[in-house]
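Colleague: Supplied in structure tokens, the structure appears directly below.
The values are calculated or read from the model by the stated rules, or taken from the named source; none is laboratory data. Everything numeric in this text was worked out from a predicted model, so none of it was measured. Counting neighbours? That spans all protein chains shown, and the Cβs are built from the backbone with ideal geometry, glycine included.
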Amino acid sequence: MNQNLSSYRIFYTVANTGNISKAAKELYISQPAISKSIQKLEESIGCRLFSRSSRGVVLTEEGRLLYEHVKSAFETLTLGEEKLKRSIELGVGHLKIGVSSTLCKYLLLPYLKEFIRQNPHITISIHCQSTNETLKMLEENKIDIGLIGRPENLKNIHFDFLEEIEDIFVATKDYLRNLHARGVHKDEILSASTLMLLDKNNMTRQYIDDYLQENQIVIRDSIDISNMDLLIDFARIGVGVACVVKSFVADDLESGALLEIPLGIPIHKREVGFAYRTNMKPSKSLAEFIRFYKNFKV
């Protein structure tokens with residue numbers, strides 16, 4: 001674009017009013033300044049944009065072609081200004097949240113449901129991936145906040161504790177009965193069964209691998225599964241022994257559909273909470289969400 005925006009504003013206003021004196025009054029500039037600007041624009045483009053008539057000025061054929069594009073551009077700018085003004089007035093914003101699919105379903109949804117009800121003008125984007133990926137996206141400033149298991153390193157990260165989760169191993173009564181029929185003792189169940197775990201990119205899997213190694217439990221047969229829901233579903237149909245979060249299978253444990261396998265040394269509980277960067281000023285949307293979850297009771 002060879003001309004600045006003010007030249008096209010003058011052109012647009014003259015075309016709309018059809019009169020240089022009216023355009024001058026509307027733009028609060030002199031008629032000679034408008035005439036000079038139009039002349040300069042015509043010289044730059046290489047054609048006449050207006051022709052004079054007894055009533056003022058009218059667009060030439062070339063002028064009408066340029067006007068359609070300029071009109072579209074200024075309407076887009078006006079729309080952008082209106083949206084920005086409305087967003088400021090209504091508190092419209094955009095909140096980007098990173099979370100694993102498991103924590104999203106079982107922990108985040110109740111928070112989101114009420115937050116959206118109270119803040120309908122804030123747009124929510126959910127990025128579902130592992131906790132490790134969520135931490136990486138926080139570091140790269142691609143998300144505003146993450147719902148994660150507490151990491152060991154909290155450098156430049158503020159962590160707000162929500163609750164503890166407990167990992168357990170479960171299986172159906174029939175699956176355990178078959179293991180018993182094969183002569184497998186209670187303390188041999190994990191090593192003798194088909195063990196179903198989240199895939200190795202998941203922080204939960206890394207935590208469980210550390211537990212198995214520390215307790216010298218050797219796994220002979222295992223299946224890596226991408227998410228907790230599938231782990232629970234496979235356990236329900238008797239595929240093997242699954243490592244799941246206890247609160248997520250509370251109904252199955254109560255009904256007897258799944259049985260918790262006793263461990264000589266229990267798996268330590270883990271903290272889950274919201275995390276955001278401390279070296280970045282929070283946006284209005286993030287600040288509102290932080291205020292909300294600190295006062296929200298599930």
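Colleague: For Glu152, work out the one condition from (1) of a type outside the set (Val, Ile, Thr); (2) assigned by TED's automatic domain parsing to the domain that holds Asn279; (3) farther than 30 Å from Val218 by Cβ it doesn't fulfil.
Modeller: Among (1) of a type outside the set (Val, Ile, Thr); (2) assigned by TED's automatic domain parsing to the domain that holds Asn279; (3) farther than 30 Å from Val218 by Cβ, Glu152 violates only (3).
Colleague: Taking segment 272-290 on its own, how many of its residues are loosely packed, with under 14 Cβ neighbours inside 10 Å and in contact (Cβ under 8 Å) with a residue 60 or more places away in the chain?
Modeller: Residues flagged as loosely packed, with under 14 Cβ neighbours inside 10 Å and in contact (Cβ under 8 Å) with a residue 60 or more places away in the chain within segment 272-290 amount to 3.
Colleague: Would you check if Leu107 is part of a helix (DSSP H, G or I) and assigned by TED's automatic domain parsing to the domain that holds Leu286? If you could, list the steps in order and put the result at the bottom.
Modeller: Working: part of a helix (DSSP H, G or I): yes; assigned by TED's automatic domain parsing to the domain that holds Leu286: yes.
Yes: the conditions hold for Leu107.
Colleague: Can you tell me which of Tyr207, Tyr211 is in a helix (DSSP H, G or I), hydroxyl-bearing (Ser, Thr, Tyr) and under 30 Å from the mean Cα position of the chain (by Cα)? Walk me through it before giving the result.
Modeller: Numbers: Tyr211 fails: under 30 Å from the mean Cα position of the chain (by Cα).
Going through Tyr207, Tyr211 in turn, the sole match is Tyr207.
Colleague: If you go through segment 99-115 one residue at a time, do you hit one that is touching a residue at least 24 places away in the same chain (Cβ under 8 Å) and more than 23 Å from Glu164 (Cα to Cα)?
Modeller: Within segment 99-115, the first condition is being touching a residue at least 24 places away in the same chain (Cβ under 8 Å), and the residues that meet it are 99-108, 110-111, 114-115.
Within this subset, residues satisfying the condition of being more than 23 Å from Glu164 (Cα to Cα) are none.
No.
Colleague: Among the candidates Thr60, Thr78, Thr17, which residue alone is farther than 30 Å from Leu135 by Cα and over 47 Å from the mean Cα position of the chain (by Cα)? Walk me through how you get there before you give the answer.
Modeller: Numbers: Thr78 fails: over 47 Å from the mean Cα position of the chain (by Cα); Thr17 fails: over 47 Å from the mean Cα position of the chain (by Cα).
From the options Thr60, Thr78, Thr17, the qualifying one is Thr60.
Colleague: Could you tell me which numbered condition Val99 fails, if it satisfies all but one of (1) out of contact with any Phe, Trp or Tyr (no Cβ under 9 Å at 6 or more places or on another chain); (2) more than 30 Å from Ile225 (Cα to Cα)?
Modeller: The number of the failed condition is (2).
Colleague: Further question: Restricting attention to segment 73-92, does a residue exist that is in contact with a helix residue (DSSP H, G or I) (Cβ under 8 Å, 6 or more places away or on another chain), outside any loop (DSSP other than H, G, I, E, B) and either assigned by TED's automatic domain parsing to the domain that holds Tyr111 or of a type in the set (Lys, Arg) (or both)?
Modeller: As a first pass, look at segment 73-92 and keep what is in contact with a helix residue (DSSP H, G or I) (Cβ under 8 Å, 6 or more places away or on another chain): 73-74, 91-92.
Filter again for outside any loop (DSSP other than H, G, I, E, B), leaving 73-74.
Pick out the ones that are also either assigned by TED's automatic domain parsing to the domain that holds Tyr111 or of a type in the set (Lys, Arg) (or both) and you get none.
No, there is no match, as no residue in segment 73-92 is in contact with a helix residue (DSSP H, G or I) (Cβ under 8 Å, 6 or more places away or on another chain), outside any loop (DSSP other than H, G, I, E, B) and either assigned by TED's automatic domain parsing to the domain that holds Tyr111 or of a type in the set (Lys, Arg) (or both).
Colleague: So is Glu133 free of Cβ contacts under 8 Å to residues at least 12 places away in the same chain, assigned by TED's automatic domain parsing to the domain that holds Phe161, closer than 20 Å to Met280 by Cβ and not basic (Lys, Arg) or not?
Modeller: Values: free of Cβ contacts under 8 Å to residues at least 12 places away in the same chain: no; assigned by TED's automatic domain parsing to the domain that holds Phe161: yes; closer than 20 Å to Met280 by Cβ: yes; not basic (Lys, Arg): yes.
The answer is no for Glu133.
Colleague: Moving on to the next point. State which residue is farthest from Leu162 (Cα to Cα) when the search covers only segment 261-298 and only residues that are modelled with pLDDT of 90 or more and of a type in the set (Val, Ile, Thr).
Modeller: Ile261
Colleague: Which one is nearest to Ser72 (Cα to Cα) among residues in segment 49-58 that are surrounded by 15 or more Cβ atoms within 10 Å (Cβ to Cβ) and modelled with pLDDT of 90 or more?
Modeller: Leu49
Colleague: Kindly evaluate Glu42 against the criterion of being charged (D, E, K, R), buried (at least 16 other Cβ atoms within 10 Å of the Cβ) and part of a helix (DSSP H, G or I).
Modeller: On the way: charged (D, E, K, R): yes; buried (at least 16 other Cβ atoms within 10 Å of the Cβ): yes; part of a helix (DSSP H, G or I): yes.
For Glu42, the condition - charged (D, E, K, R), buried (at least 16 other Cβ atoms within 10 Å of the Cβ) and part of a helix (DSSP H, G or I) - is met.
Colleague: Also, quick follow-up: Restricting attention to segment 142-158, which residues are more than 18 Å from Leu112 (Cα to Cα) and in contact with a Pro (Cβ under 8 Å, 6 or more places away or on another chain)?
Modeller: If the condition is that a residue be more than 18 Å from Leu112 (Cα to Cα) and in contact with a Pro (Cβ under 8 Å, 6 or more places away or on another chain), then Ile157 is the only one that fits.
Colleague: Is one or more of the residues making up segment 256-268 in a helix (DSSP H, G or I) and surrounded by fewer than 16 Cβ atoms within 10 Å (Cβ to Cβ)?
Modeller: Looking only at segment 256-268, we keep the residues that are in a helix (DSSP H, G or I), and these are none.
Within segment 256-268 (the criterion being in a helix (DSSP H, G or I) and surrounded by fewer than 16 Cβ atoms within 10 Å (Cβ to Cβ)), the answer is no, since none of the residues qualifies.
Colleague: Based on what the data block shows, is Leu66 farther than 30 Å from Met137 by Cβ, hydrophobic (A, V, I, L, M, F, W, C) and surrounded by 17 or more Cβ atoms within 10 Å (Cβ to Cβ)?
Modeller: Numbers: farther than 30 Å from Met137 by Cβ: yes; hydrophobic (A, V, I, L, M, F, W, C): yes; surrounded by 17 or more Cβ atoms within 10 Å (Cβ to Cβ): yes.
For Leu66, the condition - farther than 30 Å from Met137 by Cβ, hydrophobic (A, V, I, L, M, F, W, C) and surrounded by 17 or more Cβ atoms within 10 Å (Cβ to Cβ) - is met.
Colleague: Is it the case that Ala275 is under 29 Å from the mean Cα position of the chain (by Cα), in the same structural domain as Val99 (by TED's automatic domain parsing) and outside any loop (DSSP other than H, G, I, E, B)?
Modeller: Details: under 29 Å from the mean Cα position of the chain (by Cα): yes; in the same structural domain as Val99 (by TED's automatic domain parsing): yes; outside any loop (DSSP other than H, G, I, E, B): yes.
So Ala275 passes the test.
Colleague: All but one of (1) among the aliphatic types (A, V, I, L, M); (2) free of Cβ contacts under 8 Å to residues at least 60 places away in the same chain; (3) crowded, with 17+ Cβ neighbours inside 10 Å hold for Val218, so report the exception by its number.
Modeller: Among (1) among the aliphatic types (A, V, I, L, M); (2) free of Cβ contacts under 8 Å to residues at least 60 places away in the same chain; (3) crowded, with 17+ Cβ neighbours inside 10 Å, the lone unmet condition for Val218 is (3).
Colleague: Tell me which residues, restricted to segment 212-262, are hydroxyl-bearing (Ser, Thr, Tyr) and closer than 27 Å to Cys128 by Cα. Working first, answer last.
Modeller: Of the residues in segment 212-262, the ones hydroxyl-bearing (Ser, Thr, Tyr) are 222, 226, 247, 255.
Selection gives Ser222, Ser226, Ser247.
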